[in-house]
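Quick notes on the structure that follows.
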Amino acid sequence: MSDFRKLSDSVLASPQLTLADVAEASAMGVTLIVNNRPEREAEDQTSGPAIEAAARAAGMDYLAIPITPGAFDDAQVRAMAHALSQARGSVLAYCRTGTRSTLLWALAQAANRKPLKAIASAASAAGYDISPVLPAMVELSRRAQG
């Protein structure tokens, strides 16, 4: 059974996906899967190419934005923000536990001038703590304000 967690009306975060999770995501109307996990991070993870093949076979788009734990950069934030803005439906982002995906989503939201309290509240409701990236979110929000 999947552990998809709702971050917004159109974004879900999840721990590592299996091929069965891809089929479930498709049945739920997900149109884009974003892989935030580096390849070979763990021996038991389903590979990105296998997830991509299953997603594409199910008619979904796939994007890899690998995040090393604790190492977010502006290019990754921009890539996630762009992916979210261009998605033609619901997005499912995953990593080992869903935390990196949630943190990257939070950073992208802040860069797009979404209210920081609302971002934190949504992440918390999904069971994630965004406090590790809160200073970066404040800075991104400040820069986005001009």
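No value in this document is a laboratory result; all are computed from the given coordinates. None of these values were measured; they are calculated from a predicted model. Ideal geometry is used to build each Cβ from the backbone, glycine not excepted, and the neighbour counts take in all protein chains shown.
Placing +1 on each Lys and Arg Cβ and -1 on each Asp and Glu Cβ, with no other charges, gives the range 65-146 a dipole about its Cα centre of roughly 200 debye. If a/c stays under 1.5 just call it rounded; otherwise compare a/b with b/c (prolate if a/b is bigger, oblate if not). Do that for the range 46-93, with a ≥ b ≥ c from the square roots of the Cα gyration tensor eigenvalues. Here the range 46-93 falls in the oblate category.
Using only the Cα atoms, work out Rg/Rh for the range 88-146, with Rh taken as the Kirkwood radius, to two decimals.
On the way: Rg = 11.3 Å, Rh = 11.6 Å.
My calculation puts Rg/Rh at 0.97.
For helix 134-145, what angle does its Cα long axis make with the longest principal axis of the chain, in degrees from 0 to 90 and rounded to 10? Tilt of helix 134-145: around 70 degrees.
To the nearest ten degrees, helix 99-111 and the longest principal axis of the Cα atoms of the chain are 40 degrees apart. Taking every alpha-carbon pair in the chain and binning the separations at 10 Å intervals from zero gives 12, 46, 33, 8, 0 percent. Placing +1 on each Lys and Arg Cβ and -1 on each Asp and Glu Cβ, with no other charges, gives the chain a dipole about its Cα centre of roughly 600 debye.
From helices alone, the chain scores -14000 deg cm²/dmol at 222 nm; the rule is -39500 (n - 2.57) for each run of n ≥ 4 DSSP H residues, then divide by the residue total.
An oblate overall shape is assigned to the range 22-106, the ratio a/c of its alpha-carbon gyration tensor axes (a ≥ b ≥ c) being 1.5 or greater and a/b not exceeding b/c.
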